[in-house]
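The structure appears below as structure tokens.
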Amino acid sequence: MLRRPFPRYLSYVSLALLVACASSDDEAQRTHDDGPDEVVYSPPVAVDLPEIRKRGKLVAITSYSPTSYFLYRGEPMGYEYELLERLADYLDLDLEIRIAYNLDNFIEMLNTGEGDLVAHSLSITKPRKKHVDFTDHYSVTRQVLVQRKPEGWRQMKRHEIEKVLIRDPLDLIGKEVHVRKNSAYYRRLYNLSQEMGGDVLIEPIEGNLETNEIIRKVAEGEIDYTVADESLAKINATYYQDLDVGTAVSFPQRQAWMVRKTSPQLRKAVNAWLAEEKKGVDFYAIYNKYYKNRKRFRRRVNSEYFSLTGGKISAYDDLIQRGAGQLGWDWKLLASQIYQESHFDPSSTSWAGATGLMQLMPSTAQELGDYDLTHPGESIEAGVTYLKKLAKLYEDVPDSLERIKFVLATYNAGPGHVSDARRLAEKLGKDPNVWTGNVADCILLKAQKKHYSDPVVKHGYCRGEEPHNYVEDIFKRYQIYDDLIRQENAAAPEEAVALGE
């Protein structure tokens, strides 16, 4: 899919054998004869697909970056994220994302059981294969040098620009190149130094910096050079147009996801899914969406609703925070509900006539007060007023988090169906004061004649899947919002931040 022909200039590996390059005294002090550090990792836990299926949830580790996983206009997105969603569907499992904020921790997190696989564009290398297994590869790329074009390059002729840029890796001898210490880039530069007989001055960077951030440092002049996978380098170069990414420093390399050595069944299942995916067009369309569509990439990165730079979920965050404060909710939970209802579109109207950001029926809004549901502020105010009214129905529910779930279910299905499900739960020996695993299961039963005809059920049939999934989806999205949005100035009031006691 990503295979590129290797440049036809004379192989720098062969050339290095013909050229003697003596290091200066300064360079000699900064050689890397010992090579990259051999990291000791914890032994892998014995968790494979049967244990994952019993849990009912696939836990995937990835990075928080403009290509892998991020939030844009209230929607979780990313290349790895979209593929993981498809994998979870294929395996019939729920998906949970764990973010590795330090990329050096990928293998340790995997082996200690914090996740079941690492979904990230990682090159298959022999040192890594000592500690983990790789799935079948899904792309082939190569490493390229990321460097700045000369100042005033727009007024220069092409040959003048080329004269200034590094095009032969031999010219990296004595140059400082910044990369993460435990990355494949570090090892490549170390091997390159050995092959060329002269030192590239490799400057290690901490693992908490994503490659995109290191590329930004080159663009902004903080450092002169780094190395990145070509696909990632190219999409960044569409945003930072002063960058040049045309010099290859490696042959093509395979990229894949990582699984534990103790998870052969999971590896087999992922490979089967991958083989199916490669037969369809969606697999390649998802890649193009994040690595080829330059216009969309620039639009995202420049947006205040892009979680890595702007930190906003929607245009209505201030209104949502005010409303959440009145409820005693974390504002990101209310934001998740509003996204579920309207995708933050104040002009949204459902087939049934529900209107505005919070999709209230006009009749309900009329009962609550004189609200204009097409006005964002009034729609949120009406929705909050209605949520507060519903909360009074569940004052007997001791746990505050479960209370919120009952309120959300009632917002979606109405109080009658939720009351039926509580009575049914009590009859079936479940806890009527706990939504998750108890009343939530019983509202699903209201779609079956045996149960909606039960004497304790007063309001008949209910397509219980809707309120069940409504609550589940809002909380899943809330968890993503909570993971990805870190704004000191956008927090709910201190006394209202916690969802539970």
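Side notes on the structure shown:
- Sum of side-chain charges, H343 neighbourhood, beta-carbon under 14 Å (Lys, Arg +1; Asp, Glu -1): -2
- When each of K268/K446; K157/K234; K54/K458; K175/K234 is checked by Cα-Cα distance, pairs over 29 Å: K268/K446; K54/K458
- Semi-axis lengths, Å, region 49-208, gyration tensor of Cα atoms, sqrt of 5 times eigenvalues: 37, 20, 13
- Annotation: amide H of K175 within the under-5 Å range of L201, sequence separation 5 or more or interchain, hydrogens built in the peptide plane.
- Dividing the helix sum by the residues of the chain, where each DSSP H run of 4 or more adds -39500 (n - 2.57), gives a mean residue ellipticity at 222 nm of -12500 deg cm²/dmol.
- Pairwise centroid distance, computed over Cα atoms, of region 379-457 with region 88-140, Å: 39
- Set of lysines with alpha-carbon distance to K392 below 16 Å, sequence-local pairs under 8 removed: K405
- With respect to the chain, whose longest principal axis is taken over its alpha-carbon atoms, helix 317-327 is tilted by about 40°.
- Scaled against 2.2 N^0.38 Å for its residue count N, the alpha carbon radius of gyration of region 255-327 is 1.75.
- Taking the 1.4 Å solvent-accessible surface of region 75-183 as the whole, the part contributed by carbon and sulfur is 43%.
- Most simply put, the chain has about 65% antiparallel DSSP beta bridges, counting only bridges with both residues inside it.
- Computed log₁₀ I(q)/I(0) - Debye formula, equal Cα scatterers, no solvent, region 284-325, q 0.27, 0.33 Å⁻¹: -0.88, -1.01
- Summary value for region 86-213: 26 percent relative contact order, contacts being C-alpha pairs under 8 angstrom separated by 6+ residues.
- Averaged per residue, the chain has 47 square angstrom of accessible surface, using a 1.4 angstrom probe with ligands and nucleic acids left out.
The values are calculated or read from the model by the stated rules, or taken from the named source; none is laboratory data. Just so it is clear, the model here is predicted, and its values are computed rather than measured. Glycine also receives a Cβ, built like all others from the backbone with ideal geometry; neighbour counts cover every protein chain displayed. Just the protein is used for accessible areas: all its heavy atoms, side chains included, with ligands, DNA and RNA removed. Shrake-Rupley method; radii C 1.70, N 1.55, O 1.52, S 1.80 Å.
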